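A.B. asks: Before we start, here is the structure in question, set down as structure tokens.
Every read-out reported here was derived from the displayed coordinates using simple, explicitly stated rules and does not represent laboratory data. What you see is a predicted model, and the numbers here were worked out from it, not measured in a lab. Neighbour counts run over all protein chains shown; Cβ positions are idealised from the backbone, glycine included.
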Amino acid sequence: MRLLAESEDELPPVIVHRPTMCVIDGRHRLRVADELGRSWIAVRFFDGAESEAFALSVERNTRHGLPLTLSERSVAARRILASHPEWSDGVVASITALATKTVRALRRNAGAEVHHAAVRVGRDGRVRPVDWAAGRMRAAEVIRDDPGASLRTIAREAGISPWTARDVRERLRRGEDPLPSRPPSPRQARDDRPTRPLLHAVPDVLPARTRRGAAHRLDGLMSDPALKYSEPGRLLLRILAANALSAEKRETLVPSVPLHCRHAVYELAIEYAESWRDFALRVKPRD
């Protein structure tokens, strides 16, 4: 409090839970302002539930001021697990500044105190099933009900990644069970991805010699009368030109994507790549 009182810097606003008017973060700042005889202090209001206000208070107190002890953080983690069992171990760990494996052990030893949710919300905001098999079976149901559903729709409905949704769809197309013969390894389950890459068929679509000189091939198409003098042809040329992504452009664009946008950009790029793969297979010249 003495350090805060002697500081010449403008102190950040205290955070207050609006429904209860309890201070979530900034009790020392509030006391300093009172002792200095100030009649007001800057406030940021938080309108969430009390359980969310508690989680926010713990998170703020693990990052500045007098840090919480390991025992206090463990108690806080157990309380957060009880109020938000759907939050992943990684989310709770990031809030309480504990190791993920420590939170996992706390959840495992909590018993009936913590409800075991069927899904978990990760740090990226995505919802994933705790039971990897349940998500795949749900995806299979969505695909059977709507064979034309996009990967993003399937993934959203089943709570899995587009990678896994595509793997389930390919298995059903081949008449196979949507579940692999054995469960994924812990790393695979965490990544929620199939073992093979999404665009595994692309190298087989185009021979090596045609994968070179993309700019030269695009120039040739631009001057082709069959394309430039028809509306669908001009549309195709515009799309091809807009999607021309050279190595130089990639090196420029990748660092420019903000961290909070990367997941959305990643999913869109994967979905667009899947659409282009299907398009490539349909226009592939017959032998």
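A.B. asks: Expected output is a single nm value to one decimal: the length gained when fully extending between ALA105 and LEU268, i.e. 0.36 nm times separation in residues minus the C-alpha distance. What is it?
C.D. replies: Contour length minus the Cα-Cα distance gives 55.1 nm.
A.B. asks: A further question follows. Just want the ordering: TRP87, TRP132, TRP276, from fewest to most Cβ atoms lying within 10 Å of their own Cβ.
C.D. replies: TRP276, TRP132, TRP87
A.B. asks: For LYS284, list the lysines whose Cα falls under 26 Å from its own Cα; do not include residues on the same chain fewer than 8 positions away.
C.D. replies: Candidates past the 8-residue exclusion: LYS228.
A.B. asks: What residues from the stretch 77-102 fall in the zone where the backbone N is under 17 Å from a label point 7 Å along the Cα-to-C-beta line of CYS22?
C.D. replies: 77-84
A.B. asks: Label-point separation (nm) for LEU237 and ARG282, each offset 7 Å from Cα along Cα-to-Cβ?
C.D. replies: Distance between the two pseudo-spin positions: 2.2 nm.
A.B. asks: Treat every Asp and Glu Cβ in the stretch 2-117 as -1 and every Lys and Arg Cβ as +1, leave all other atoms uncharged, and give the resulting dipole magnitude about the Cα centre to the nearest 20 debye.
C.D. replies: Result for the stretch 2-117 is approximately 420 debye, rounded to the nearest 20.
A.B. asks: Can you give me the distance in nm between label points at GLU170 and LYS249, each placed 7 Å from the Cα along the Cα-to-Cβ direction?
C.D. replies: Modelled inter-label distance: 2.6 nm.
A.B. asks: Under 5 Å between amide hydrogens, which residues at least 5 positions from PHE46 or on another chain qualify, with H placed 1.01 Å from N in the peptide plane?
C.D. replies: Here VAL16, HIS17, ARG18 satisfy the definition.
A.B. asks: For the stretch 43-99, taking Cα atoms only, what is the radius of gyration to one decimal and the Dmax to the nearest whole Å?
C.D. replies: Every Cα atom of the stretch 43-99 included, Rg and Dmax give 11.0, 32 Å.
A.B. asks: Follow-up. Work out how much length VAL75 to MET222 would gain on full extension: take 0.36 nm times their residue separation and subtract the Cα-Cα distance, in nm to one decimal.
C.D. replies: 46.3 nm
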